[in-house]
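The values are calculated or read from the model by the stated rules, or taken from the named source; none is laboratory data. Everything quoted here is computed from the prediction, not taken from an experiment. Using ideal geometry, Cβ is built from the backbone for each residue, glycine included, and neighbour counts are taken over all protein chains shown.
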């Protein structure tokens, strides 16, 4: 008689996947990071949520510090880091602006406290923003030779060490980043042992993949600080369960769609023009009237299905006035009748609009184009956030068609009417 088969060996428990707690300084960057990480993720507008993180989900929190004094911004980062302590500890990520705006030096110094080293990599290849020799380049031009800081009170920093003044930074050239993993690991360790922080050059997503992989190999003492490009590299490096597919979008053609354009970027004018051709009503707002709260929107019956609110920038940028204008613009947008879906460009404008509406959490659903993140609020409203400096001339048009597919027919007709005659 044959002996019974041996009992099956107990299966090994599934590996515990580290979860990520990412801290952003503005809302559009937080949304970009949430999509970049992939997998199940929560996007919160409430810093207190860091303390309640569940290991089943990554968490991205908008600390909303871009406009704060440096000491207050640093305090917000320290408070979030204390709240994030858990067992097992999360992987920490600090999202920063790829153009180095905000309270970068103060926040990075706070983020570095208690770390073996902070790996600084703000390159964003998808937007043609690279780092060579420790200098951020936009479309191949050094940042300090561009107008990327036109709306800031200060001049753009000439290098990462200058931008992170007070935090010792050592750059790592591309040939080391692209060499064997052991060489990059050794460079990170050597710089950390000297009391400094590594800032590897990067031109491509593959460069950022190498940087993220090296930091993960060296353990949680090496914290990552970078743009959405490095966040995407981290997402590619981490095994993650697939995010649940969003439910099909119900027909929303009768729901108004409100664009709130809070960016000072010159390209916004052309982006808005593409919408007005489709019949969108554009309401350029005088900055003084917005700040004074004297602008009133028409009643729901008079409101078209597509409305664009923007700050009239014909008088040029107003350095230092961004937050006050964003707050007033957000408060105005919140009064728009008909409970519209929202397209919000510029991180501060996105945050102040959602604050005025009492929205504290977003569920990311997808990305319409790079940086244009489509989310849903807990009560079902659809929201697209996009950094002000992102997107080509057709950016807002692409977003409109994604949210209202019927507009694709009108767009095709417009292209046909404007097609040049054959030669």
*asked:* Against the conditions (1) in the same structural domain as residue 400 (by TED's automatic domain parsing); (2) surrounded by 22 or more Cβ atoms within 10 Å (Cβ to Cβ); (3) under 23 Å from the mean Cα position of the chain (by Cα); (4) at pLDDT 90 or above, where does residue 275 fall short? Just the number, please.
replied: (3)
*Would the stretch 184-191 turn up any residue that is assigned by TED's automatic domain parsing to the domain that holds residue 108, in a helix (DSSP H, G or I), in contact with a strand residue (DSSP E or B) (Cβ under 8 Å, 6 or more places away or on another chain) and free of Cβ contacts under 8 Å to residues at least 24 places away in the same chain?*
yes
*Which one of 240, 158 is part of a loop (DSSP other than H, G, I, E, B) and closer than 18 Å to residue 136 by Cα?*
158
*Show the residue pairs that are 6+ apart or on different chains and have beta-carbon atoms under 8 Å apart, the first residue being within the stretch 257-279 and farther than 15 Å from residue 350 by Cα, the second being at pLDDT below 90 and in a helix (DSSP H, G or I).*
277/414; 278/407; 278/410; 278/411; 278/414; 279/410
*Single unsatisfied condition, residue 113 versus (1) crowded, with 16+ Cβ neighbours inside 10 Å; (2) under 27 Å from residue 83 (Cβ atoms)*: (1)
*Unique match (being in contact (Cβ under 8 Å) with a residue 24 or more places away in the chain, surrounded by 24 or more Cβ atoms within 10 Å (Cβ to Cβ), in contact with a strand residue (DSSP E or B) (Cβ under 9 Å, 6 or more places away or on another chain) and in the same structural domain as residue 348 (by TED's automatic domain parsing)) among 396, 407, 365, 403*: 396
*Take residue 132 and decide whether it is in the same structural domain as residue 60 (by TED's automatic domain parsing), in contact with a strand residue (DSSP E or B) (Cβ under 6 Å, 6 or more places away or on another chain) and touching a residue at least 40 places away in the same chain (Cβ under 8 Å).*
no
*Could you tell me whether the stretch 85-96 includes any residue that is surrounded by fewer than 21 Cβ atoms within 10 Å (Cβ to Cβ), under 19 Å from the mean Cα position of the chain (by Cα) and free of Cβ contacts under 8 Å to residues at least 40 places away in the same chain?*
no
_I'd like to check something: does the stretch 319-331 contain any residue that is within 24 Å of residue 66 (Cα to Cα), modelled with pLDDT of 90 or more, under 20 Å from the mean Cα position of the chain (by Cα) and in a strand (DSSP E or B)?_
no
